[in-house]
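Heads up: the structure comes next, in structure tokens.
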Amino acid sequence: MNYQRPKGTADILPGQSELWQYVEDTARQIFDRYRYREIRTPIFESADVFSRTSGETSDVVSKEMYVFEDKGGRNMALRPEGTAGVVRAYNENKLYGPEFAKPYKVYYMGPMFRYERPQSGRQRQFHQIGVEAFGSNSPLLDAETIALARDLLTGFGAKNLKFVINSLGDPESRKAFHQALVNYLTPFKDELSDDSKIRLEKNPLRILDSKDRHDQEIVKNAPSILDYLTDDATEHFNQTKAALTALGIDYVVDSTMVRGLDYYNHTIFEVMSNDKVFGGGYTTILAGGRYNGLAEELGGPETPGVGFAMGVERLMLLLQDRVVENELTAYIVAIDSAAQTAALRLATKLREQGATVDMDFMNRKAKAQFKSANKANAKLVITIGEKELTNQTAAVKNMSTSEQVDVPFADLDTKFADVAAKLLGE
Ligand code: ATP
Ligand code: MG
């Protein structure tokens, strides 16, 4: 019987996992600069957590969510995105309490699940690295969040990024725009896609995000939300834009961008790349925005929030040519079977001192062991044979200069770093 991984999932193998670790480590370093700390929430939650926040009519909830009934009859879902679970945890753990610094800043990284048609950069199990900041309504925080997104992506060496922003305003702005949009779209009702016919009743804003070609044509001449912002919302957006300019972030405003999840308001943004790996057009690598009503929606106190999520698989497409070296300090060659145990003992001693060490476990001849050492790019090869066992020394060779010295086991056991540094000229 041959088993295969589920459609839309991937095995991340050694050789690739190094790049994942590099991405995760780099992200942690950059988040630390901005004083974000890690939060880890469950991979599944009550399905309600997602449907109440992303919205019943969003694609994520209506089509893509993995829902299941557990043995206790509860309606659960694998998380399709990170924000809702983090907000649930924020409320449940009372992270709004006076003992916590504000804004309360957290980041997460891990798998998300969406039942989608798999293609390049689109999987059913994919990974996001994201941030959330709670408790401040300052437009400067919107700008800082976008600056963090920039630092993160440029930290990975991403170039030619496009920053697209828009404002969805406050509830009052949304209400005014909602009416204007319905007035505009109603005459096109019969032409809209079936999904959008339903959205027109339930959530007309979603139609702006439609993937249907004809819907997109109709939407082109729709009113702009920016014309319906209240004075407060306009001010918030203007201050955000001014701060972005001060930070040297080149942005474009796209008033038709609404994002796929219902919980956003005020500033929303996407960072795109038109790298050749994406085959021509622009692809969104990272997206986010402000979501001031979300904590309340899940039963918590009124709390402003802003965040983003980056798609790690999409980032990986950009980085795919990158080679992450893993260094081998020493390979220990045992000339004959009598030296094997001494080789293992020495390997263990060197590892205790922090060195990366390998040796043969396949009973290979000395010549084949030297080949393995070369293939693994070992900086040093340490040879132990009959003579070395008698003298209680080992022959240590610098593989790039071929210089070789005999070193007592006692020295290797206790001050290997000195021995290696001297021989490698470091
Ligand atoms: P799209 O329009 O491409 O479906 P989205 O609006 O559904 O994206 P978000 O919910 O904003 O995506 O998620 C943020 C980021 O997560 C996306 O910009 C993308 O990089 C990544 N992402 C989303 N869905 C997937 C997926 N199925 N596979 C891989 N990455 C994904
Ligand atoms: Mg999507």
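The values are calculated or read from the model by the stated rules, or taken from the named source; none is laboratory data. This structure is a prediction, so every number in the text was calculated from the model and none was measured. So basically every Cβ, Gly included, is an ideal-geometry build from the backbone, and we count neighbours across all protein chains shown. For the accessible areas, the whole protein counts, side chains as well, though only heavy atoms, and no ligand, DNA or RNA atoms are used. Shrake-Rupley method; radii C 1.70, N 1.55, O 1.52, S 1.80 Å.
Miscellaneous remarks
- Per-residue ³J(HN,Hα) for region 295-312, Karplus 6.51 cos²θ - 1.76 cosθ + 1.60, θ = phi - 60°, Hz, x for Gly and Pro: 4, 5, 4, 9, x, x, x, 4, 9, x, x, 8, x, 8, 10, 9, x, 5
- Cα-centre dipole for region 176-304 with unit charges at Cβ (Lys and Arg positive, Asp and Glu negative), debye to 20: 280
- Positive-pole candidate from Gln123, Pro14, Asn75, dipole of the chain, charges at beta carbon: Pro14
- HN-Hα J in Hz across region 320-325 - Karplus 6.51, -1.76, 1.60, θ = phi - 60°, x for Gly and Pro: 4, 7, 6, 9, 9, 6
- The Rg/Rh ratio for the chain, using Cα coordinates for both the radius of gyration and the Kirkwood hydrodynamic radius, is 1.12.
- Overall, the anisotropy analysis places region 12-168 in the oblate class: the square-rooted eigenvalues a ≥ b ≥ c of its C-alpha gyration tensor yield a/c not less than 1.5, with a/b not exceeding b/c.
- Spatial extent of region 13-85: Rg and Dmax, with the Cα atoms as the point set, Å: 16.2, 44
- Region 359-426, relative contact order [Cα under 8 Å, separation at least 6], %: 21
- Partners of Lys159 within straight-line reach, counting lysines whose Cα lies under 24 Å from its Cα and excluding those fewer than 8 residues away in the same chain: Lys241, Lys276.
- For Ser400 and Lys367, the FRET efficiency from 1/(1 + (r/R0)^6), where r spans their Cβ atoms and R0 equals 25 Å, is about 0.80.
- Evaluating 6.51 cos²θ - 1.76 cosθ + 1.60 at θ = phi - 60° for every residue in region 214-228, the Karplus couplings come out as 5, 4, 4, 4, 4, 5, 3, 9, 5, x, 9, 4, 5, 7, 10 Hz, glycine and proline recorded as x.
- The residues of region 330-424 have, on average, 56 Å² of accessible surface per residue, using a 1.4 Å probe with all protein chains present.
- Over 20 Å between alpha carbons, listed pairs Lys379/Lys422; Lys365/Lys415; Lys367/Lys397; Lys63/Lys211; Lys371/Lys397; Lys63/Lys105: Lys365/Lys415; Lys63/Lys105
- Only Lys, Arg (+1) and Asp, Glu (-1) charged, at Cβ; region 330-424 dipole about Cα centre in debye: 340
- Probe 1.4 Å, accessible area per residue of region 124-180, Å²: 34
- Positive-end residue, the chain charge dipole about Cα centroid, Cβ charges, pick of Phe237, Met399, Ala417: Met399
- Cα-derived Rg over Rh, computed across region 257-344 with Rh taken as Kirkwood radius: 1.40
- Overall form of region 235-288 per C-alpha gyration tensor (a/c, 1.5; a/b vs b/c): oblate
- Using the 1.4 Å probe convention, the accessible area of region 215-254 works out to 56 Å² per residue with neighbouring protein chains retained.
- Prolate/oblate/rounded call for region 156-238, Cα gyration tensor, a/c under 1.5 rounded: oblate
- Region 322-422: translational diffusion in µm²/s, Stokes-Einstein, Kirkwood Rh over Cα pairs, 4 °C, 1.567 mPa s: 96
- Efficiency of FRET from Cβ geometry, Ala376 and Asn203, R₀ 41 Å, rounded to 0.05: 0.10
- For the chain, the carbon plus sulfur part of the accessible surface works out to 48%, probe radius 1.4 Å.
- Rounded to the nearest 20, the size of the Cβ-charge dipole of the chain about its Cα centre is 1060 debye, with Lys and Arg at +1 and Asp and Glu at -1.
- In the chain, helices alone account for a calculated mean residue ellipticity at 222 nm of -11000 deg cm²/dmol, with every DSSP H run of four or more residues adding -39,500 (n - 2.57).
- Mean-position separation - Cα centroids, region 192-254 and region 68-115, in angstrom: 27
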